[in-house]
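The values are calculated or read from the model by the stated rules, or taken from the named source; none is laboratory data. All figures in this text were calculated on a predicted structure; none of them were measured in a lab. Glycine gets a Cβ as well: all are built from the backbone with ideal geometry, and neighbour counts include every protein chain shown.
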Amino acid sequence: MNFFFNDENKVHRVTMPGSALPAAIVLRGASGAIDSTGFVVITQLTYQQNTNHQINHALDDAIYLLNFGDMVGEITVGGVAFGVTCEGNIEGIPGLLQFYEQNKISKATATKIPSVQITIGKKSFVGYLTGLQITVADPVMRTASFQMSLKVIP
């Protein structure tokens, strides 16, 4: 397998038999999908879910626990995007911007709230895209790191 290519300013996807990932991660919106087989490489996933509770200590040494269910969770997906055309003729940074613009929660109307399906392995969540951060990591190699923030209703 040739890992060294003579094509300057091009990105090549090298596939190996089997999967090195513990789970596949896919973000599917109304305008397409983002996963590591497309114009970005997903390298980071954070899932945070907390309970909504209150613990009170009384003067008589009693402790009271009030449970209000679960709070809204957050999923952050991050990785690397390329400023050059990847396989499939989509550039990573413009592809991310397009996905965000078409699926962000502020595009909500009176009849429809845009949502994104997040699949982590065999588990799927419905989330709402609330943020995108793109940082140019290496201007010479034309790569950028990105993070997408999504809110998840329990």
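Data table
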read-out	value
Criterion: of a type in the set (Ser, Thr, Tyr) and closer than 14 Å to Val77 by Cβ - qualifying residue of Thr109, Thr135, Thr130, Thr143	Thr130
Residue in the stretch 74-91 that is at pLDDT 85 or above, part of a strand (DSSP E or B) and in contact with a Lys or Arg (Cβ under 9 Å, 6 or more places away or on another chain) present	yes
Residue list for the stretch 127-154, restricted to those being closer than 14 Å to Gly95 by Cβ, of a type in the set (A, V, I, L, M) and surrounded by 18 or more Cβ atoms within 10 Å (Cβ to Cβ)	Ala144, Met148
Answer residue from the stretch 102-118, given it is of a type in the set (A, V, I, L, M) and more than 12 Å from Gly29 (Cα to Cα) and is surrounded by the fewest Cβ atoms within 10 Å (Cβ to Cβ) among those	Ala110
Filtered residue count, the stretch 99-146, keeping only those that are within 20 Å of Thr43 (Cα to Cα) and either in contact with a strand residue (DSSP E or B) (Cβ under 9 Å, 6 or more places away or on another chain) or β-branched (Val, Ile, Thr) (or both)	27
